[in-house]
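*Asks:* Okay, handing you the structure first.
The values are calculated or read from the model by the stated rules, or taken from the named source; none is laboratory data. These numbers were taken from a predicted model, which means no experiment stands behind them. Don't worry about glycine lacking a Cβ; one is built from the backbone with ideal geometry, like all the others, and counts go over all protein chains shown.
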Amino acid sequence: MKTTAHLTHEKLPFGQSKDLHLVVTLEAPAIDWQSRRPRICVIPVIDVSGSMQGEKLHYAKQSVMKLVDQLAPGDSCGVVTFTDEVAVVAAPLAMTQPKKGALKTAVGQLAPQGSTNFAGGLLEGLRLANQLELPPGMVRRVIMFTDGLANVGVATKSTDILRLLDANLEQATVSAFGYGEDADQELLRDLSTKGKGNYAFVKSPEDALTAFARELGGLLSTYARDLEIVVRPAEGTRLLDVISDVESRKGDGGSVRVRIPDILSEEVRQLVLGVQVAARAEPGETPVVLVEGTYRLVDGDSGRTKTERFEVAVEVERVPAGEEQKEPTREVDEAVAMAQLVRAQIEAEEQAGQGKFQVAQELAARRARWMRMPAPSSTSPAGPSRRERRSSWRRSSRRAARHRWAKAGPGRAAPARRDVGSRSRGGSRSAGSWWGGVAARPVGAPPSLPLRRGESHSQAPSRSQAAHPSYES
């Protein structure tokens, strides 16, 4: 996997402090996933309560039957349903053509009735997924097909359901498809985040097919799992904020740890952070951050996993006043803008979900002004998930980003070896030659404004000078 780390500016005046942005780019290579992908075990858990009557259940059944069609020899599948009670329609079995046909017939006969024992269905799906003796590295995915309107069972409140998930997740992962305008999207989104899966809101047949294709594509084309990236500030550097919508927390010495459940074949993931570099007494090369990472590769033939590591050391050149880089590097600045737009949409959605529609409307209008697009007339809690938004941004930029960063070259670290201290500005250097003690620094402060459409960098405000909410672990 190719890894780069770039700052928005590479030359700074040595006598001044400066707020910058760091963009860490992870680019997974292409793999022949159809022939070499790991085997998967999928447990669809289908809500067949009365609230799923009509199109909701029809879309859910069609998605499950499509899923069964795509499973290959060596994959396993079982089906759970829930109303007031929980039923195992089919225990997980290795798929053959006759078994696939029988499973699809059983799913097609499901009909709505009764109440919604959401927690019971979830727990049964997790039990089936975790009790199986499967080869190492085999994916165990529980997929909830539901509106999330829990009203009976051992837990009906979202906080209690999420606690049950934490206690019973074990080796499994959980995704959710939400059906209907009345779906509890907040619960299903939180469930998928904690379950290290995906969430999709489904309101039409087209949405069902798109969401299903994304979920299945992710299951079948995963390149690496359990990515952990640690960004460590050098002396004189302070990490200000994590702008990207990722799971992150503070680490020792002012560092930040970011976790990513998986990365797909040919996928490009970009992590954007705010950093502040202190003034220096004299010009010269200055270390800024050290980016360390680990991830697990799964061999599709044997199912075995191995851990790969990388390190990228990022420096900046301190120069006399007047010789500094005046404008941010365009490719890096575009990645920052994209992360900020996603963040603005998430904040608007969260405000809407709390019933603060006026605040949400103002955030949406601000985002529209940045993009010079008409603002929506209203903001609804319903809408695409965080994962869907990230995927949409990545799909629209992936090809251009891959081309740009392929030419950027310097700073990439090959994961097959431990490329210690490779520098974002070119060349290589042992990290130990300059990496000293790191003082503890607080985390919290500014994203920047994204570039408006048609606006040049000389016309746009500096991204590192716009205030924004502070980072919280």
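*Asks:* Pick out the one residue from 12, 20, 26 that is in contact with a helix residue (DSSP H, G or I) (Cβ under 9 Å, 6 or more places away or on another chain), in a strand (DSSP E or B) and outside the structural domain of residue 155 (by TED's automatic domain parsing).
*Replies:* The conditions single out 20.
*Asks:* Let me ask you something else. For region 243-294, what are the residues that are closer than 23 Å to residue 141 by Cβ and either in contact with an Asp or Glu (Cβ under 6 Å, 6 or more places away or on another chain) or of a type in the set (D, E, K, R) (or both)?
*Replies:* 245, 247, 259, 262, 266, 267, 269, 294
*Asks:* Of all the residues that make up region 86-123, how many are in contact (Cβ under 8 Å) with a residue 60 or more places away in the chain, within 30 Å of the chain's Cα centre (by Cα) and either not in a loop (DSSP other than H, G, I, E, B) or not assigned by TED's automatic domain parsing to the domain that holds residue 45 (or both)?
*Replies:* 3
*Asks:* Would you be able to say whether some residue in region 143-159 is without any contact (Cβ under 8 Å) to a residue 40 or more places away in the chain, surrounded by fewer than 18 Cβ atoms within 10 Å (Cβ to Cβ) and outside any loop (DSSP other than H, G, I, E, B)?
*Replies:* yes
*Asks:* Please identify the pairs in which a residue from region 48-65 that is in the same structural domain as residue 89 (by TED's automatic domain parsing) has its Cβ atom under 6 Å from the Cβ atom of a residue that is acidic (Asp, Glu) and buried (at least 16 other Cβ atoms within 10 Å of the Cβ), counting only partners at least 6 apart or on another chain.
*Replies:* Close Cβ pairs satisfying both conditions: 51/147.
*Asks:* If residue 357 satisfies all but one of (1) aromatic (Phe, Trp, Tyr); (2) over 16 Å from the mean Cα position of the chain (by Cα); (3) within 21 Å of residue 193 (Cα to Cα), what's the number of the condition it fails?
*Replies:* Among (1) aromatic (Phe, Trp, Tyr); (2) over 16 Å from the mean Cα position of the chain (by Cα); (3) within 21 Å of residue 193 (Cα to Cα), residue 357 violates only (3).
*Asks:* Search region 284-301 for residues that are within 22 Å of residue 228 (Cβ to Cβ) and in the same structural domain as residue 135 (by TED's automatic domain parsing) and pair each with any residue that is surrounded by fewer than 19 Cβ atoms within 10 Å (Cβ to Cβ) and at pLDDT below 95 when their beta-carbon atoms are under 8 Å apart and the residues are at least 6 apart or on different chains.
*Replies:* none
*Asks:* Hey, among 101, 120, 50, which residue is in contact with a Phe, Trp or Tyr (Cβ under 7 Å, 6 or more places away or on another chain) and among the small types (Gly, Ala, Ser)?
*Replies:* Answer to the check: 120.
*Asks:* Continuing with this model, one more query. Among the listed residues 20, 26, which satisfies the condition of being within 22 Å of the chain's Cα centre (by Cα) and either surrounded by 24 or more Cβ atoms within 10 Å (Cβ to Cβ) or of a type outside the set (Lys, Arg) (or both)?
*Replies:* 26 is the lone residue from the list that is within 22 Å of the chain's Cα centre (by Cα) and either surrounded by 24 or more Cβ atoms within 10 Å (Cβ to Cβ) or of a type outside the set (Lys, Arg) (or both).
Each row is one residue, and each column tells you yes or no for (1) modelled with pLDDT of 95 or more; (2) crowded, with 21+ Cβ neighbours inside 10 Å; (3) not in a helix (DSSP H, G or I).
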site	(1), (2), (3)
58	no, no, no
63	no, yes, no
69	no, no, no
74	no, no, yes
125	yes, yes, no
